[in-house]
1. Tell me whether segment 114-175 comes out rounded, prolate or oblate; compute the Cα gyration tensor, take square roots of the eigenvalues as a ≥ b ≥ c, and use a/c under 1.5 as the rounded threshold.
2. How much of the accessible area of the chain, in percent, comes from carbon and sulfur atoms when a 1.4 Å probe is used?
3. Leaving ligands, DNA and RNA out of it, rank THR265, THR185, THR145 by accessible area with a 1.4 Å probe, largest first.
4. Can you give the calculated 222 nm mean residue ellipticity of the chain, where each DSSP H run of n ≥ 4 adds -39,500 (n - 2.57) and the sum is split over every residue, rounded to the nearest 500 deg cm²/dmol?
5. Subtract the Cα-Cα distance of SER226 and TYR122 from 0.36 nm times their separation in residues, and report this length gain in nm to one decimal.
6. So I have (1) 28.0, 103; (2) 19.1, 68; (3) 24.6, 83, and one of them is Rg and Dmax of the Cα atoms in Å calculated from this model. Which one is it?
7. Evaluate the distance, in nm, between pseudo-label points positioned 7 Å from the Cα of SER68 and of THR185 along their respective Cα→Cβ axes.
8. Expressed in whole Å with the largest first, what are the equivalent ellipsoid semi-axes of segment 174-225 derived from the C-alpha gyration tensor as the square root of 5 times each eigenvalue?
Amino acid sequence: MFNDRIQKMAAAHPAVKRYRGAARKGRQWLWALVRAVFIIGFSFVVLYPLLKMISQSFMEYRDLYDASVLWLPKHFTLENYTYVIQWMDYGPSFLNSLWSSALATALQLFSCATAGYAFARYRFPFHRVLFGGVIAMLIIPPQLTMMASYMHFYDFDVANILHLTTGKGINLLDSQWPIMLMSATGTGIRSGLFIYMFRQFFRSLPRETEEAAMVDGAGHFRIFFSIMLPGATTVLVTVALFSFVWQWNDVFFTNLYNRTFTNLTMQTQMIASNIVDTLDPVVAQLRRSTALLLTIAPLVLLFLVMQRFFVESVERSGVVG
């Protein structure tokens, strides 16, 4: 007991308090320094290729051969952007990418949200088997089903109605109908992941909310559209961002169903393989990089605008449940 009293008196001494306060602040500053070094280093590794591409896109070809030029060009020019914008027909290609990605995203949001809500809240025959099919969509690569999908839209029919009446189906290839139909029916790009995200989110919501709405006379559709969807803003924003980005960057399905469609991604692919007016590989690489920058620029702006909703939803949608 005597020793405890001496220790308490020593701890109450002003010099001891100052020492402990300084040690605590030192540990805090050290941890902040380690965390800052890690974050800055990781960010630099991720952003270095992008920053290098942005820097080189404003250079002339002679700057690329100049060993003294690293980040800031000696001969600033916009020739690369002028060339790429003209070659890609940037205005119409951008509008095509915008409307097709936005429409497919809206259809995918509706189909995946309704499917996720049904899997989370209702028990119907074979619901486990059907949800197993959703999980299979996450596992099976689209290359495995590309031939069947191609033939399905080449001779499109629903329940063989057209074959029974007219003897043949409808050829939906070389149009945006295949991608839009897949998005509307919950089988579009990464739809399995989106259905799973909605299911996990709706499972985390209390059932008392639905029960109270049913007591007040609300039906299933009104509960979903008036209560559940407004409360799912964060996961809706995340799914919308993911869907829009994947639709924007898609090359596989566009090449499979509609090779004549001119959007930014297809134009970037073409300029990457068919650079004209130059035989210099350095200049060719420079213009390919400029085309990539012009393609991803709208996506970067979109993420900057929706960053707050995106971060909040990632914390809530994928882990809960």
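The values are calculated or read from the model by the stated rules, or taken from the named source; none is laboratory data. Predicted, not measured: the structure shown is a model, and the values here were computed from it. With ideal geometry, Cβ positions are generated from the backbone for all residues, glycine too; neighbour counts draw on all protein chains shown. All accessible areas refer to the heavy atoms of the entire protein, side chains included, with ligands and DNA or RNA removed. Shrake-Rupley method; radii C 1.70, N 1.55, O 1.52, S 1.80 Å.
1. Values: a/c = 2.98, a/b = 1.67, b/c = 1.79.
Here segment 114-175 falls in the oblate category.
2. Details: 13500 of 19920 Å².
The C+S portion of the solvent-accessible surface of the chain is 68 percent.
3. Numbers: THR265 15, THR185 95, THR145 65 Å².
The ranking, largest first, comes out as THR185, THR145, THR265.
4. Numbers: 17 runs with 231 residues, N = 321.
Value at 222 nm, helices only, nearest 500: -23000 deg cm²/dmol.
5. On the way: separation 104, 0.36 × 104 = 37.44 nm, distance 1.78 nm.
Here the segment from SER226 to TYR122 would lengthen by 35.7 nm.
6. (1)
7. If labels sit at SER68 and THR185, their model points lie 6.5 nm apart.
8. Values: eigenvalues 202, 45, 4 Å².
Equivalent-ellipsoid dimensions as semi-axes: 32, 15, 4 Å.
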